[in-house]
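The values are calculated or read from the model by the stated rules, or taken from the named source; none is laboratory data. Worth saying up front: this structure is predicted, and the values here are computed from it rather than measured. All Cβ positions, even for glycine, are placed from backbone atoms using ideal geometry, and neighbour counts span all protein chains on display. When the accessible area is computed, the model is the full protein with side chains, heavy atoms only, and any ligands, DNA or RNA have been set aside. Shrake-Rupley method; radii C 1.70, N 1.55, O 1.52, S 1.80 Å.
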Amino acid sequence: QVQLVESGGGLVQAGGSLRLSCAASGRTFSSYYMGWFRQAPGKEREFVAAISWSGGITSYADSVKGRFTLSRDNAKNTVYLQMNSLKPEDTAVYYCAADRFQFRLGPTPDYWGQGTQVTVSS
């Protein structure tokens, strides 16, 4: 069983930055692909970014490529999503996710966090 707890959301002006963190419980953290999804009001949940077990490989949605950076610290059981040059369209609830076998976490990851709100004002 893996529990995921997100933090770091908040309100920021367009062009600003935020860093989201996702702390995971469990001794097998380094065996999971990790990543983030987001869901804006009235829209479906969408993939944002994913990272491999070692952190050496990452994948990003086109909408965030070049602005967001995903990293992980396996010693701290934590993944970080650094979000720069934020836009109002980045406003959403951001969910951390973990999956044992799917690098981009698939449509239904094994585990979800509870979500953290990110609001970008124009």
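Structure values in brief
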{"item": "Charge sum, other residues only, whose C-beta stays under 14 Å from W36's C-beta, Lys/Arg counted +1 and Asp/Glu -1", "result": "+3"}
{"item": "Proximal aspartates and glutamates to K65, defined as alpha-carbon separation beneath 20 angstrom and excluding residues fewer than eight positions away on the same chain", "result": "E44, E46, E89, D90"}
{"item": "Relative contact order (%) - the stretch 45-122, alpha-carbon pairs under 8 angstrom, separation at least six", "result": "26"}
{"item": "Å² of accessible area per residue within the chain, as computed with a 1.4 Å probe and no ligands counted", "result": "51"}
{"item": "Pairs of alpha carbons in the chain whose separation is greater than 25 Å (percent)", "result": "15"}
{"item": "Cα-only radius of gyration and Dmax that characterise the stretch 52-113, units Å", "result": "12.3, 34"}
{"item": "The chain, accessible surface, carbon-and-sulfur percent (1.4 angstrom probe)", "result": "48"}
{"item": "Qualifying lysines (Cα of each under 21 Å from Cα of K76; at least 8 residues distant if same chain)", "result": "none"}
{"item": "Local electrostatic count, Y95, Cβ distance below 15 Å [Lys/Arg +1, Asp/Glu -1]", "result": "-2"}
{"item": "In nm, spacing of pseudo-spin labels at D62 and T28 (7 Å Cα→C-beta vector)", "result": "3.6"}
